[in-house]
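Working notes, structure below.
The values are calculated or read from the model by the stated rules, or taken from the named source; none is laboratory data. Note that the coordinates shown come from a computational prediction; the quantities given were computed from them, not determined experimentally. Don't worry about glycine lacking a Cβ; one is built from the backbone with ideal geometry, like all the others, and counts go over all protein chains shown.
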Amino acid sequence: MSNFKNLKVTRSLKAKGSLNCGQKAVVQATNNNTAVTINSASGKITMNSITSSSNSFTVNNNKVDANSIILLTFMSHVQWAPILTVSGVGNGVFTINLDAVTGTVEIPVIGFLVC
């Protein structure tokens with residue numbers, strides 16, 4: 001623990017809603033790059049099947065602002081080791097990027113939390 005003696009918290013994180021209450025869900029239509037709208041501080045996004053190595057899509061969410069921190073996790077079991085990242089965080093929007101193994105066909109469910 002002595003390695004953390006100089007650690008200073010400069011900003012505390014608060015969820016913009018309850019972590020378990022009011023969680024919403026949405027299913028991505030058409031293809032794995034189709035935008036979704038889910039106005040909740042936490043929720044689940046069921047993607048369309050993953051068939052390419054690089055996938056990104058926009059999430060429209062009125063709980064997000066330019067200073068939001070978006071936490072992501074896989075809520076479904078995946079057989080591969082994808083990389084899941086967030087970009088383009090702005091007022092009412094963020095982008096989820098998923099880099100997968102080429103040729104993989106699965107339907108991942110991604111959980112998110114807006115802080």
task: Could you grab me the full set of residues in the range 24-52 that are polar (S, T, N, Q) and either in contact with a strand residue (DSSP E or B) (Cβ under 7 Å, 6 or more places away or on another chain) or modelled with pLDDT of 90 or more (or both)?
output: Gln28, Asn32, Asn33, Thr34, Thr37, Asn39, Ser40, Ser42, Thr46, Ser49
Residue satisfying condition, being modelled with pLDDT under 65, in contact with a Cys (Cβ under 9 Å, 6 or more places away or on another chain) and of a type outside the set (Ser, Thr, Tyr), within set Leu7, Leu13, Leu71: Leu13
message: One residue is enough: does the range 77-97 have a residue meeting the conditions at pLDDT 90 or above, part of a loop (DSSP other than H, G, I, E, B), at positive phi and not charged (D, E, K, R)?
response: yes
